[in-house]
Protein chains: 2
Amino acid sequence: MEKGKKIPAATIFRLSVYRQHLLEMRKQGRRTVSSLELASAARVNPAQLRKDLSYFGRFGVRGVGYSVDGLLQEISTILGLRRPWNLCVLGGGKVGRAIIVSGHLEQRGYFVEAVFDSRPEIIGHSIGPGLVVEDIRGAGMSLPQKEVFLCMITEEVPDLNGCVHRLLDAGIRGFLSLVPVSASIPPTIPVQYMDFTTLLDTLAYTLTHGVNRGGPDFLEGEPVTTEKPPMGACLV
Amino acid sequence: MEKGKKIPAATIFRLSVYRQHLLEMRKQGRRTVSSLELASAARVNPAQLRKDLSYFGRFGVRGVGYSVDGLLQEISTILGLRRPWNLCVLGGGKVGRAIIVSGHLEQRGYFVEAVFDSRPEIIGHSIGPGLVVEDIRGAGMSLPQKEVFLCMITEEVPDLNGCVHRLLDAGIRGFLSLVPVSASIPPTIPVQYMDFTTLLDTLAYTLTHGVNRGGPDFLEGEPVTTEKPPMGACLV
DNA sequence: ACTTGTGAAACAATTCACAGCA
DNA sequence: TGCTGTGAATTGTTTCACAAGT
């Protein structure tokens, strides 16, 4: 068990990925799993998986492997996922509504407790079970009693910066955004960006620079390679 | 200009991010920009930006900076974005439809030319202008004449593996998926994964381990720090 | 005076390889 | 024998610091 060391951010991501595969394995009735097996499901080197876990403790049995359920509990504890997390959504348009009603978030323990917008024509729309798009100006009233610390920003809304600051005032402590936020968010507040088109751009780059031999021919310039199965940084 | 060197995947991502900010700056009429300015918009170190560009050439003027429009052209060329890219979507459910009609993709040069599904109850649905959800079994007939090399997978559909292989046969050479794909995709085919909940998990970790002092108190265990503004790897 | 471009240095992450234990 | 856990070696990435150009 490595102690006092800095945990690479990439380790935390991989932990979430391992957890996803463990959930799947448990659903299929698997009792134990080796680092080799779990690592290949997650497409990483087995030593990487063991090193990732070693930052937090010793969870396996030599010669045997890991208990699927046991490791799941451990990783959930590490990530802080032994409790439900409430969420609010900024942006009550089509994309926001689709993500909410798709049920993906609930499946993974994230519960949408409020949806906000700054556009009068969107405010008041009903979304799924007992959810109505609220005026962002009411966030300060509605959020604090709901224990909501995370916000997902789904689209550009008028005065995005102002909205973000209202949410900060209302107790939001972390953001996942599908759009760039130029607001001056204090550096203590984690913000994750996720952008479809940035990832598509990396695919375009890869296809353009002939890492794929054998497809239709779009070779331009000399081949340049990106070292790995391209691993994505969801920045904006 | 560094030549013959391997380009870090992270560099390619950042190039796409720089491009986004340059597009915004050009829209606002900016003519030139320094590495300091562009780097701070993209939240990276200025030396990082210059190093990223130096893999591909010398695009700036010492003492002056970069031409916004010139650099935009250069980065677009590097990424292979001087042409439109056609896209197909696998998964004609709510999430897929919302992403398509939101117009984000078109704005960035990605055009949805076909939508497929394997669920009879979804096939035939109309989506926006002249788009109808097609049976995945027809992909081999419909795609090749459309010059579509990229596919976005928006949800789990029945026989996902089979669908993916049909798409490969139909000429698809890169995937962006919102769900895990266990299909044996040849390693020459780039696959990018994007998962909301993995990113939320990293936020949950950060909030759980008190990197945020001053919020509501959810301290459990001793504080562990992740080195940076958490930077996301969109793996699954 | 100011800003780029880039070797060299510093830092970080991954992988190896094997000791240690069931 | 088989698989974990981990220090050491390797590999990769970022940042520094300054020469060079305008």
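The values are calculated or read from the model by the stated rules, or taken from the named source; none is laboratory data. All figures in this text were calculated on a predicted structure; none of them were measured in a lab. Please note: Cβ atoms are built from the backbone with ideal geometry, for glycine as well, and neighbour counts cover all protein chains shown. To get the accessible areas, we keep the full protein, side chains included, count just its heavy atoms, and leave off ligands, DNA and RNA. Shrake-Rupley method; radii C 1.70, N 1.55, O 1.52, S 1.80 Å.
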Q. Within segment B:107-118, is there a residue that is among the basic types (Lys, Arg) and surrounded by fewer than 19 Cβ atoms within 10 Å (Cβ to Cβ)?
A. no
If we keep only residues of segment B:158-178 that are touching a helix residue (DSSP H, G or I) at 6+ places or on another chain (Cβ under 6 Å) and in a loop (DSSP other than H, G, I, E, B), then the residue farthest from the other protein chains (Cβ to nearest Cβ) is B:ALA170
In segment A:121-131, anything modelled with pLDDT of 95 or more and loosely packed, with under 13 Cβ neighbours inside 10 Å is listed as A:GLU121, A:GLY124, A:SER126
Quick count over segment B:137-156, residues being open to solvent by 10 Å² or more (accessible area, probe 1.4 Å) and over 16 Å from A:THR202 (Cα atoms), is 11
(1) of a type in the set (Val, Ile, Thr); (2) more than 20 Å from B:GLN192 (Cβ to Cβ); (3) more than 11 Å from DNA strand D (Cβ to nearest atom) all hold for B:VAL44 apart from (3)
Based on what the data block shows, is B:GLU113 more than 9 Å from chain A (Cβ to nearest Cβ), away from DNA strand C (no atom under 16 Å from the Cβ) and of a type in the set (D, E, K, R)?
-> yes
Quick count over segment B:71-109, residues being hydroxyl-bearing (Ser, Thr, Tyr) and more than 27 Å from A:LEU105 (Cα to Cα), is 2
Evaluate the following for B:GLY96: is it within 11 Å of another protein chain (Cβ to nearest Cβ), within 18 Å of A:VAL95 (Cβ to Cβ) and crowded, with 23+ Cβ neighbours inside 10 Å?
-> yes
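Taking segment B:116-125, which residues are under 18 Å from B:LEU143 (Cα atoms) and more than 24 Å from the chain's Cα centre (by Cα)? Steps first, answer last, please.
Of segment B:116-125, the ones under 18 Å from B:LEU143 (Cα atoms) are B:116-118, B:123-124.
Matches in segment B:116-125: B:SER118, B:ILE123, B:GLY124.
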| message | With the structure loaded, tell me whether A:ARG62 is within 16 Å of DNA strand C (Cβ to nearest atom) and free of Cβ contacts under 8 Å to residues at least 12 places away in the same chain or whether it fails that test. | response | yes
